[in-house]
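Engineer: Let me begin by handing over the structure; questions about it come next.
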Amino acid sequence: MGSVRTAVVGVGQTRHVAARHDVSMAGLVREAAREALDDAGMDFGDVDAVVIGKAPDMFEGVVMPELYLADALGATGKPMLRVHTAGSVGGSTAIVAAKLVMAGIHERVLTVAFEKQSESNATWGLTVEMPFSAPLVAGAGGYFAPLIRAYIRRSGAPSHIGHLVAVKDRRNALRNPKAHLHLPDIDLKAVEESFLLWEPLRYLDTCPSSDGAMALVLGSEDVAATVPGPVAWIHGTAMRSEPTMFAGRDQVNPRAGRECAADVYAQAGVTDPRRDFDCAEVYVPFSWYEPMWLENLGFCAQGEGWKLTESGATALDGDIPWNPSGGVLSSNPIGASGMIRFGEAAQQVRGRAGDCQVPLHTGRALGHAYGGGSQFFSMWVVGAELPA
Amino acid sequence: MSEALVEHHVLEYPGGYTRSVGPALSRYLSGLRDGVIVGVRGADGRVLVPPTEYDPVTAADLDDYVEVGPAGTVVAWTWVAEPRPGKHHLDRSFAFALVRPDGADTAMVHVVDARRPDELAIGARVAPRWAAERHGYVTDLEAWVPLPEGQAASPAPPNAAADASDEAITGIVTPIRLEYDINAGIAASKYLRALGERRIVGQRAVDSDQVYVPPRGSDPTSGAPTEVEVEVGQKGTVTTYCVVNIPGLSENAPEIPYVCAQILLDGSNTPWFGLVHGVAPDDVRMGMRVGAVWVDDPGPNAGSIKWFEPTGAPDAPYEEYKDYA
Amino acid sequence: MRDVAVIGFAQVISARERERNEVELIIPAVRGALADAGIARSEVDFTISGSCDYLSGGPFTFVSGLDAAGAWPPVKESHVEMDAAWALYEAWVAIQTGDVDSALIYGFGKSSLGDLHEIMTLQTDPYTVAPLWPSMVDLAALQASVFLAATGRSDAELAAVAARSRRAALANPYAVAAEDVAEDALLARPVTHAPLRDADIAPITDGAAAMIIAVRDVAERHCERPAYLRGIEHRVDPQGLGLRDLTTSTSATLAAHAAGVADGPVEVAELHAQFSHEELILREALGLGDDVEVNPSGGALGANPVMATGLIRIGEVATRIRSGAVRRGVAHAAQGPCLQQNLVCVLEADR
């Protein structure tokens, strides 16, 4: 951790929908940025630097689109960075922005992550067939579903656990006006009867494809003292990566995820995440990843994640709500999804999560993102109180 | 002979990118369709064209639209001797130019349809030549053309497009096609050439016994180069899998339902993604023993192994492969 | 700020690489940089790369790049879709937080796989500029056209830059466009993109470069004469060509000022000029006097492995400082159409 204590002082996001036909790419990112700046009581001119994140450029067909977006985000004459770490990018981008403040380089940093997937098609963008590579004929689900099966075999989890998560996160999303999916009639039966895509995954076990943007304003301790609203202090940040494929790699419970969590918990003084957090916003693009990440992130013992989910502990009224915003299962503008997790965690500890708000006891929350073949991880811990 | 395999690759989103344009470009593109050039007044009073939703310096919202042109002045130019088919919309030599329309304070990137480079000069006067059929695209202004001294630009002809409408343009479709010659690399080429001989060849890590299939040229754990080739078995164990019920993600995808599996080939230490056929999807199991089925005429490509089929041998015990699943 | 120095650097360059893929170019670059620094991979705290998916024609190029870096046990790692000079910046920031003390930075790209000049068209406004398909050379030629007209300079001055670069490249084993050529001889060659000639345009180049940086105590342990990053700053301009004064590079000037270029004598400068006129623009924008030796490596006109070219400029200056040839120098990286985004780095030895 750097020497300058750093806080999230503004949060903004677009509403997330399948296709934002009413905005340009610039309009999309400005909508989120403007809301975050308003929240922080700032304007573009107050910002020292801009950090932009998104997933592959082929989604929008613009090479390094931050160059085209620089002046739309008020970066003219300022430092601007573009991060791309696959699915974890939203989280990594927020961390890079936070480090600029922690290191004492800047006082106020605007960070924006976005994806406008409706410019093309996410499945196409993720699985462009390259010469010589064995084609990923089955898409992202075809990659992750076998890992889910391996988890089920390893843990002995009953087959309905994933569906419970699919229902829980969509019910949470009904409280979130910005969420893409609003499925008022969602229940276990609806999930069980939805189309079987990649057995064991059904249609409603998977995330949607969304257009959307998320923005945060990060400020130093001095800045935090001057902003109008409550802030979310950053108690720890961590990133870890491991190769896609090597002998003996545990793809179900990746070591990079475990070590990333251990690092960020150590920085924040978290010893028992289930007890020490009021909630967690965790990157769960397929329902089964909730129990899998519960174990990976140390919220329970190995093999016990599904029991936590089944017990209702991760529900909005449980003792450790996961994804009170509705999560990736309810909104997935890929490049922004990680930052949405980080930002929603911040909103919770600020007491600004609206109808998704959980009761604050410890005043701390976890934001999490992952990407690639479960190999890139980024996490932060935010708290209502100044870090120790 | 070059050892590495090379293959042509086309990167193209089918049908082109569908771009929603937002308010400023809606005004601009609707204007082009209607035969006028629209700019916007910036925070400092400058008239910017094409219009942006935001001031380029302060990022303030802009919405004070003004009509500019129709004539303009060349600010910069360069000659394109040979237009590229499928990219450039003009089919003979032309100039790219920065043109500042009258009444605007900024110049726009566009083309000038001149016969020869010597018709162009910085400061030359140009006028728009409008496409007869206009749909709300940047090439509705087909080209700027030299404007003889003393002449005024003529107004745009009525839009001859059959589907001409007055509704605001809200979106455009931009085709993007890029072509590449991808080379597989040294390690992958050796692996692919072996496939053409019905052999599966990986590489062994230098500082461990681990065998990587397909080989990547390095041990990803250390980054150390791998050069020792090892032929591995054509039979293996399904470590995990899924049944795919979603069609058409790839033209190479088989008919649904099909089984997509991670297979640990005998002698390899990395699971391999492959299809399992010759068995009902419901009968596929973790631990099932499967063998490679080759196409009739294998070549140096990943498609040489058609799929894997059960060998009929007893399943591998979970303990044997659990570290790979 | 913590003192951070370049302690290792390596590059792997090829005009049009037919054998090795990206990973196979990165492997020797990373190992070369580690060997140059005399540091073990496991001793390096942070890893970051810079690359561009569109160069390789598919998404997530950087993911397989990690196979070449070595990432087990799991590493603290990041990636920017930017020239690796900006990866260096992010690594420098990570060190400034106190979280890490050293970093491996690498950049890579194979410009020869596709049509680089056409690919870079897609950096422009996707609604009003990219659909017309001006290549990056066309756009640079527009800037050259404005620059020459406004300054009254001639294309002979462009040819002087090109000739000097190509001659300097003769001494650089990594250059791909080197020749003993006089300015007059270049002027006799055809103008291909008015007012530019082929020699004014950086050659298509494949390659990778890797660098090791570390805080002072680590640097002093591994390196006799570390090249310290005294200032590293970057700025961006609006993209719209009509919105900018193309006779200069405002963001380069801002970055140079912030990095402290003028705070001491500049003995050598490596400028990321992909076109001859860009060097002339950058010399003025950075405030470099006529006595400054510019691009002794031949610069990007000698070799331009896109996404690594900027990092190589920093590596070239660092190498000259570490060897004792100079004490203080300036390195510059750029990306975006017509020098839209610029990074300036001041490097210096203690003595």
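The values are calculated or read from the model by the stated rules, or taken from the named source; none is laboratory data. What you see is a predicted model, and the numbers here were worked out from it, not measured in a lab. Here Cβ is always computed from backbone atoms with ideal geometry, including for glycine, and neighbour counts include all displayed protein chains.
Engineer: Let me confirm something: among B:Val232, B:Val213, B:Val228, B:Val206, which residue is over 30 Å from B:Pro70 (Cβ atoms), touching a Ser or Thr at 6+ places or on another chain (Cβ under 8 Å), surrounded by fewer than 20 Cβ atoms within 10 Å (Cβ to Cβ) and outside the structural domain of B:Val68 (by TED's automatic domain parsing)?
Structural biologist: Exactly one residue qualifies, and that residue is B:Val206.
Engineer: Of the residues B:Ala127, B:Ala114, which single one is without any contact (Cβ under 8 Å) to a residue 60 or more places away in the chain and either closer than 23 Å to C:Leu148 by Cα or in contact with a His (Cβ under 9 Å, 6 or more places away or on another chain) (or both)?
Structural biologist: After ruling out the rest, the residue left standing is B:Ala114.
Engineer: Restricting attention to segment C:70-98, report how many residues are buried (at least 24 other Cβ atoms within 10 Å of the Cβ), touching a Phe, Trp or Tyr at 6+ places or on another chain (Cβ under 7 Å) and either within 18 Å of C:Arg31 (Cα to Cα) or within 14 Å of chain B (Cβ to nearest Cβ) (or both).
Structural biologist: 1
Engineer: Restricting attention to segment A:255-286, which residues are assigned to a loop (DSSP other than H, G, I, E, B), crowded, with 24+ Cβ neighbours inside 10 Å and in contact with a Cys (Cβ under 9 Å, 6 or more places away or on another chain)?
Structural biologist: A:Val284
Engineer: Quick one: what pairs do we get from segment C:300-321, first residue of a type in the set (Ser, Thr, Tyr), second in a helix (DSSP H, G or I), C-beta under 8 Å, 6+ apart or different chains?
Structural biologist: Close Cβ pairs satisfying both conditions: C:Thr309/C:Ala300.
Engineer: Within segment A:328-385, can you find the residues that are of a type in the set (A, V, I, L, M) and not in a helix (DSSP H, G or I)?
Structural biologist: A:Val328, A:Leu329, A:Ala353, A:Val358, A:Leu360, A:Ala365, A:Leu366, A:Ala369, A:Met379, A:Val381, A:Val382, A:Ala384 - these are the residues of segment A:328-385 that are of a type in the set (A, V, I, L, M) and not in a helix (DSSP H, G or I).
Engineer: Let me ask you something else. What residue, of B:Val80, B:Val49, B:Val36, B:Val99, is away from chain A (no Cβ under 14 Å), more than 32 Å from the chain's Cα centre (by Cα) and among the β-branched types (Val, Ile, Thr)?
Structural biologist: The unique qualifying residue is B:Val36.
Engineer: Please go through segment A:11-70 and pick out each residue that is over 25 Å from A:Thr123 (Cβ atoms), more than 12 Å from chain B (Cβ to nearest Cβ) and free of Cβ contacts under 8 Å to residues at least 60 places away in the same chain.
Structural biologist: The answer is A:Asp38, A:Leu67.
Engineer: State all residues of segment B:6-23 that are more than 8 Å from chain A (Cβ to nearest Cβ) and surrounded by 23 or more Cβ atoms within 10 Å (Cβ to Cβ); if no residue qualifies, say none.
Structural biologist: Hits for segment B:6-23: nothing passes.
Engineer: One residue is enough: does segment A:115-124 have a residue meeting the conditions part of a loop (DSSP other than H, G, I, E, B) and either over 19 Å from the mean Cα position of the chain (by Cα) or within 10 Å of another protein chain (Cβ to nearest Cβ) (or both)?
Structural biologist: The answer is yes, given that some residue of segment A:115-124 is part of a loop (DSSP other than H, G, I, E, B) and either over 19 Å from the mean Cα position of the chain (by Cα) or within 10 Å of another protein chain (Cβ to nearest Cβ) (or both).
Engineer: Being assigned to a strand (DSSP E or B), at pLDDT 95 or above, within 14 Å of chain A (Cβ to nearest Cβ) and touching an Asp or Glu at 6+ places or on another chain (Cβ under 9 Å): is that true of C:Val330 here?
Structural biologist: For C:Val330, the condition - assigned to a strand (DSSP E or B), at pLDDT 95 or above, within 14 Å of chain A (Cβ to nearest Cβ) and touching an Asp or Glu at 6+ places or on another chain (Cβ under 9 Å) - is not met.
Engineer: Further question: Give all pairs with beta carbons closer than 6 Å in which a residue from segment A:95-111 that is at positive phi meets a residue that is in a loop (DSSP other than H, G, I, E, B) and not hydroxyl-bearing (Ser, Thr, Tyr); count only pairs at least 6 apart in sequence or on separate chains.
Structural biologist: A:Gly104/A:Val4
Engineer: For B:Ala253, work out the one condition from (1) away from chain A (no Cβ under 11 Å); (2) in a loop (DSSP other than H, G, I, E, B); (3) hydrophobic (A, V, I, L, M, F, W, C) it doesn't fulfil.
Structural biologist: It is condition (1) that B:Ala253 fails.
Engineer: With respect to C:Ala258, determine if the residue is part of a helix (DSSP H, G or I), farther than 26 Å from A:Met64 by Cβ and out of contact with any His (no Cβ under 8 Å at 6 or more places or on another chain).
Structural biologist: Spelling it out, it is not the case that C:Ala258 is part of a helix (DSSP H, G or I), farther than 26 Å from A:Met64 by Cβ and out of contact with any His (no Cβ under 8 Å at 6 or more places or on another chain).
Engineer: Further, regarding this structure: Evaluate the following for A:Ala247: is it among the small types (Gly, Ala, Ser), in contact with a strand residue (DSSP E or B) (Cβ under 8 Å, 6 or more places away or on another chain) and not in a helix (DSSP H, G or I)?
Structural biologist: yes
Engineer: In addition: Starting from residues that are touching a residue at least 24 places away in the same chain (Cβ under 8 Å) and among the basic types (Lys, Arg), keep the ones in segment A:144-172 and report whichever is nearest to B:Glu320 (Cα to Cα).
Structural biologist: A:Arg154
Engineer: The conditions are (1) within 30 Å of B:Ala131 (Cα to Cα); (2) among the small types (Gly, Ala, Ser); (3) free of Cβ contacts under 8 Å to residues at least 12 places away in the same chain, and B:Ala156 fails exactly one of them. Which is it?
Structural biologist: Of the numbered conditions (1) within 30 Å of B:Ala131 (Cα to Cα); (2) among the small types (Gly, Ala, Ser); (3) free of Cβ contacts under 8 Å to residues at least 12 places away in the same chain, the odd one out for B:Ala156 is (3).
Engineer: Moving to a separate point now. Let me confirm something: among C:Asp67, C:Asp101, which residue is in contact with a strand residue (DSSP E or B) (Cβ under 6 Å, 6 or more places away or on another chain), away from chain B (no Cβ under 13 Å) and in contact (Cβ under 8 Å) with a residue 40 or more places away in the chain?
Structural biologist: Criteria check complete, one pass: C:Asp101.
Engineer: Are any of the residues in segment C:250-272 at pLDDT below 95 and within 20 Å of the chain's Cα centre (by Cα)?
Structural biologist: No.
Engineer: Can you list residue pairs whose Cβ atoms sit under 6 Å apart, with the first residue in segment C:230-253 being farther than 30 Å from C:Arg351 by Cα and the second being surrounded by fewer than 21 Cβ atoms within 10 Å (Cβ to Cβ)? Count only pairs 6 or more apart in sequence or on different chains.
Structural biologist: That search, which allows pairs on different chains as well, returns C:Asp237/C:Thr250; C:Thr247/C:Ala150.
Engineer: Then there is this: Quickly run through segment B:28-60 and pick out the residues that are at positive phi and surrounded by fewer than 18 Cβ atoms within 10 Å (Cβ to Cβ).
Structural biologist: B:Gly45, the sole residue that qualifies.
Engineer: Now, a different point. For segment B:271-284, which positions are in contact (Cβ under 8 Å) with a residue 24 or more places away in the chain, part of a loop (DSSP other than H, G, I, E, B) and out of contact with any Leu (no Cβ under 8 Å at 6 or more places or on another chain)?
Structural biologist: Across segment B:271-284, the qualifying residues are B:His277, B:Gly278, B:Val279, B:Val284.
Engineer: Looking only at segment C:36-64, count how many residues are without any contact (Cβ under 8 Å) to a residue 60 or more places away in the chain, touching a His at 6+ places or on another chain (Cβ under 7 Å) and more than 9 Å from every other protein chain (Cβ to nearest Cβ).
Structural biologist: 2
Engineer: Looking at this structure, is A:Gly257 of a type in the set (Gly, Ala, Ser), within 14 Å of chain B (Cβ to nearest Cβ) and touching a helix residue (DSSP H, G or I) at 6+ places or on another chain (Cβ under 9 Å)?
Structural biologist: No, not satisfied.
The rows are residues; the columns are (1) of a type in the set (Lys, Arg); (2) closer than 24 Å to A:Pro243 by Cβ; (3) assigned to a strand (DSSP E or B).
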| site | (1), (2), (3) |
| --- | --- |
| B:Glu179 | no, no, yes |
| B:Ile182 | no, yes, yes |
| B:Ala187 | no, yes, no |
| B:Lys190 | yes, yes, no |
| B:Arg198 | yes, no, no |
| B:Asp209 | no, yes, no |
| B:Ser222 | no, yes, no |
| B:Val230 | no, yes, yes |
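Engineer: Before we move on, is B:Gly287 in a loop (DSSP other than H, G, I, E, B), at pLDDT 95 or above and assigned by TED's automatic domain parsing to the domain that holds B:Ala188?
Structural biologist: Yes.
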